[in-house]
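The values are calculated or read from the model by the stated rules, or taken from the named source; none is laboratory data. The structure presented is a predicted model; accordingly, all values stated were derived computationally and were not measured. Reconstructed Cβ throughout: ideal geometry from the backbone, glycine too, with neighbour counts over all protein chains shown. To get the accessible areas, we keep the full protein, side chains included, count just its heavy atoms, and leave off ligands, DNA and RNA. Shrake-Rupley method; radii C 1.70, N 1.55, O 1.52, S 1.80 Å.
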Amino acid sequence: MAQVTALEWRPQTFDDLVGQDVVSQTLKNAIKSNRLHHAYLFAGLRGSGKTSSARIFAKALNCEKGPTETPCGECSSCTEIRDGNSMDVVEIDAASNNSVDNIRELRELVRYNSSRDRYKIYIIDEVHMLSTSAFNALLKTLEEPPPHVLFIMATTELHKIPATILSRTQQFEFRQIPLYKIEERLKMIAEAQNLEIEDEGVSLIAQAAGGSMRDALSIFDQIVAASSEKISGLDVKSILGVVEDTNLIDLLGGLNSGSAERIFSRINELVHYGHDLKQVYDTFTGFIRDSVVMKSVTDPADLVVRTYGHGREHLSLLEELGISDLVRILDVLVSHEPVFRQASEPRYAFELVFLKLLEMKKLIPLEELLGNLRDLTALQGDEKKN
Ligand SMILES: Nc1ncnc2c1ncn2[C@@H]1O[C@H](COP(=O)(O)OP(=O)(O)OP(=O)(O)O)[C@@H](O)[C@H]1O
Ligand SMILES: [Mg+2]
Ligand SMILES: [Zn+2]
């Protein structure tokens, strides 16, 4: 069942590609102005549209009605590319063809003309898997490819690509897809499949996907398979083992009010309900990170990892806490993460980190401190007078 929806809903046009506007706009412009590079590198997060974009671009270039920003999707070039059996658009998985011989073979192939279409396009997926000698062999082809040949390379690990290759390609960065765009697409797909799913469930799935549309759709499949007709937020929560927002707010509230009791009893409850404390720790770290973002930028919608329930309680806590308090909490959480990972008893490590956080007194801003001092001296002056 895994990933059926993801494959079924592969975007087929630039307009259908979600959250990668810079990429699609730049590629469309290149087609419009007929300014093509001979080697492209699509880099970025897993499941964010790299392979899909490579195929859309290939269709745009080879469509019988093209080159066009809006490939028809119906001609034989378009349908063959969609189905992965075009003679002129060759997809190579570098993970399993990573040797220098594979690339030499490719170099031979590149010399032949395209069999029918305008361009001969090689899509090299997972290109970071190539061996050093394979990269060197590729370099020669990238330097002087025949005019009708175009390379589109894709990778999730840009840092593994040699600089010599990078400098011969035009690079595109595939970013995390914003939460609300993932939610929109999930809703659209659920509706098309006549599935009822509560908004809360949709946003929980989107949050769990970490910016990857493929991950969102495979979680969606997993939840659909495990649920009855109408999918509630609660269904999604129990399948994902989500840490409820009240826990996060309460833990932060405990830190703000300096209440060890509140924190110990909340941890006790989390353990009692069988939560994985590592997951709670990561979720809480993300929550504090998002709180810092919410406090420091005017329009956090695109920048937060997720949105939180109990908004009013959260906001009033943020009003009471200074940004420096939040940054210090985040600092302790991030720096203790490896300690936490190694602990044989996660509960004690979890409690220890929170005890440390409790011990750090809230920072009092300088002006406030000076104000207090002034009040105090004034008070002392009054006392002397009396
Ligand atoms: N930007 C997007 N807009 C719409 N759907 C997307 C997008 N990115 C990914 N998807 C969905 O996820 C599936 C996989 O996407 P794709 O193969 O393009 O990802 P990728 O970036 O190449 O991933 P990988 O790094 O794992 O190769 C698509 O079939 C589609 O359903
Ligand atoms: Mg891919
Ligand atoms: Zn076409």
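The tail of the calculated P(r) for the stretch 236-308, taken as Cα-Cα distances beyond 16 Å, holds 53 percent of the pairs.
Seen against the Cα atoms of the chain and their longest principal axis, helix 100-110 is set at about 50 degrees. Structure shown: which of Lys230/Lys278; Lys32/Lys140; Lys237/Lys278; Lys120/Lys181 lie over 27 Å apart, alpha-carbon to alpha-carbon? Among Lys230/Lys278; Lys32/Lys140; Lys237/Lys278; Lys120/Lys181, the Cα-Cα distance tops 27 Å for Lys230/Lys278; Lys32/Lys140; Lys120/Lys181. Diffusion coefficient (Stokes-Einstein, Kirkwood radius over C-alpha pairs, 10 °C, 1.306 mPa s) for the chain: 65 µm²/s, rounded to a whole number. Taking θ as phi - 60° and the Karplus parameters 6.51, -1.76 and 1.60, the scalar couplings of the stretch 220-226 work out to 4, 4, 4, 6, 4, 5, 9 Hz in sequence order, x denoting glycine and proline. Counted by Cβ distance under 14 Å from Ser335, the other residues give a net charge of +2, where Lys and Arg count +1 and Asp and Glu count -1. Just so you know, the Cα atoms of the stretch 4-174 work out to an Rg and Dmax of 15.0, 40 Å.
Please give the net charge around Ser24, taking every other residue with its beta carbon less than 10 angstrom from that of Ser24, where Lys and Arg add +1 and Asp and Glu add -1. That works out to -3. In terms of overall dimensions, the C-alpha atoms belonging to the stretch 179-240 reach 27, 24, 17 Å along their principal axes, ordered largest to smallest. When the Gaussian network model of the chain links Cα atoms closer than 10 Å, the mean-square fluctuations of Gly210, Gly253, Gly311 top out at Gly311. In this structure Arg185 has an accessible area near 20 Å², from a 1.4 Å probe over the protein heavy atoms. The fraction of accessible area contributed by carbon and sulfur in the stretch 52-190 is 47 percent, rounded to a whole number (1.4 Å probe; ligands and nucleic acids excluded).
Other residues lying with their Cβ under 12 Å from the Cβ of Leu318 contribute a combined charge of -3, Lys and Arg counting +1, Asp and Glu -1. All C-alpha pair distances within the stretch 137-177, sorted into 10 Å bins from zero, spread as 22, 55, 20, 3 percent across the bins. On the basis of the beta-carbon distance and an R0 of 45 Å, Leu373 and Lys187 show a calculated FRET efficiency of 0.20. Over all directions, the average projected area of the alpha-carbon convex hull for the stretch 29-98 comes to how many nm²? For the Cα atoms of the stretch 29-98, the hull's average projected area reads 5.5 nm². Within the full protein context, the accessible area of Lys65 is estimated at about 150 Å² for a probe radius of 1.4 Å. When the residues Glu183, Glu144, Glu198 are ordered by accessible surface, computed with a 1.4 Å probe over the protein chains alone, the sequence from largest down reads Glu144, Glu198, Glu183. Note on the stretch 216-342: Kirkwood radius taken over Cα pairs, Stokes-Einstein applied at 10 °C and 1.306 mPa s, translational D equal to 99 µm² s⁻¹. Taking all protein chains together and rolling a 1.4 Å probe, Thr307 ends up with roughly 80 Å² accessible. Solvent-free Debye calculation, one equal scatterer per alpha-carbon of the stretch 266-334: log10 I(q)/I(0) at 0.24 Å⁻¹ equals -1.17.
Got a sec? Which residues in the stretch 108-149 would a label at Thr164 touch, if it sits 7 Å along Cα→Cβ and we count backbone N under 12 Å? Answer for this model: 132-143. Modelled this way, with points 7 Å down the Cα-to-C-beta line, the labels at Ser316 and Asp199 are 2.3 nm from one another. With protein chains left intact and a 1.4 Å probe, residues in the chain average 53 Å² of accessible area per residue.
Using only the alpha-carbon atoms, how far is helix 179-192 inclined from the longest principal axis of the chain? Give it as 0 to 90 degrees, nearest 10. Approximately 60 degrees, to the nearest ten.
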